[in-house]
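A short write-up of the structure that comes next.
The values are calculated or read from the model by the stated rules, or taken from the named source; none is laboratory data. This structure is a prediction, so every number in the text was calculated from the model and none was measured. All Cβ positions, even for glycine, are placed from backbone atoms using ideal geometry, and neighbour counts span all protein chains on display. In case anyone asks, the SASA skips ligands and DNA or RNA and just uses the protein heavy atoms, side chains included. Shrake-Rupley method; radii C 1.70, N 1.55, O 1.52, S 1.80 Å.
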Amino acid sequence: QVQLVESGGGLVQAGGSLRLSCAASGRTFSSLGMSWFRQAPGKEREFAAMINWSGSNRVYADSVKGRFTISRDNGPNTVYLQMNSLTPEDTAVYYCAAAPRGDYRDYRLYDYWGQGTQVTVSS
């Protein structure tokens with residue numbers, strides 16, 4: 001079992017920045033691939049970023065590439081999402097997820113989710 005708790009969401013103006021955190025407990029965090037997804041109202045949950053267990057491989061959705069950075073610290077068992085140059089289109093509930101059972105871009109292949117944190121970007 002893995003427990004995930006996100007934090008760091010909030011209201012920010014367009015062009016601003018936020019850093020999300022996801023604290024993990026349970027299974028050995030350092031062995032887990034971790035991802036961030038987001039879900040806007042009325043839309044399907046979409047992949048944002050992934051980092052492998054060692055941090056040596058990071059993948060981003062085209063919509064966030066160059067603006068978002070995923071990182072992890074296996075000491076405090078935390079994964080981060082630094083979000084810069086935010087736009088209103090980034091408004092969504094952001095979720096972290098652990099241990100995909102296949103294609104890490106497919107939210108249906110994750111068993112472990114946090115509760116989500118709201119990010120709202122005003123224009």
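Under the 0.36 nm per residue contour assumption, what length would be gained going from the current alpha-carbon distance of Ser71 and Arg108 to full extension?
11.1 nm
Give me the dipole magnitude in Debye, nearest 20, for the chain about the Cα centre, with unit charges on the beta carbon: positive for Lys and Arg, negative for Asp and Glu.
On the way: 12 positive and 10 negative charges, 31 e Å.
Rounded to the nearest 20 debye, it is 140 debye.
Restricting to Cα pairs below 8 Å that are 6+ residues apart, what does the relative contact order work out to for segment 52-123? Please round to a whole percent.
With pairs under 8 Å counted, the relative contact order is 26 percent.
Quick check: convex hull of the Cα atoms in the chain, volume per residue, rounded to a whole Å³?
Details: hull volume 11.3 nm³, N = 123.
That works out to 92 Å³ per residue.
At a Förster radius of 30 Å, what calculated FRET efficiency corresponds to the Cβ-Cβ distance of Ser63 and Gln3, to the nearest 0.05? Please report the intermediate quantities before stating the final value.
Numbers: r = 28 Å, r/R0 = 0.95.
Using R0 = 30 Å, I get an efficiency of 0.60.
Considering the options Leu18, Val93, Tyr112, tell which one lies farthest towards the positive end of the dipole of the chain, charges being +1 on Lys and Arg and -1 on Asp and Glu at the Cβ, about the Cα centre.
Tyr112
Can you list residues whose amide H is under 5 Å from Tyr112's amide H, if they're 5+ apart or on another chain and H is modeled 1.01 Å from N?
Amide H neighbours of Tyr112: Ala98.
Could you report segment 10-123's accessible area per residue, 1.4 Å probe, as an integer in Å²?
On a per-residue basis, segment 10-123 sits at 48 Å².
Over segment 1-97, what percent of the accessible surface lies on carbon and sulfur atoms, probe 1.4 Å? Please report the intermediate quantities before stating the final value.
Values: 2100 of 4510 Å².
Reported share for carbon and sulfur atoms: 46 percent.
So for the chain, averaging the separation of alpha carbon pairs under 8 Å that are six or more residues apart and normalising by length, what relative contact order in percent results?
Relative contact order here is 35 percent.
Calculate one ³J(HN,Hα) per residue across segment 58-64 by plugging θ = phi - 60° into the Karplus curve 6.51 cos²θ - 1.76 cosθ + 1.60, and present them in order as whole Hz with x for glycine and proline.
10, 10, 10, 5, 4, 5, 10
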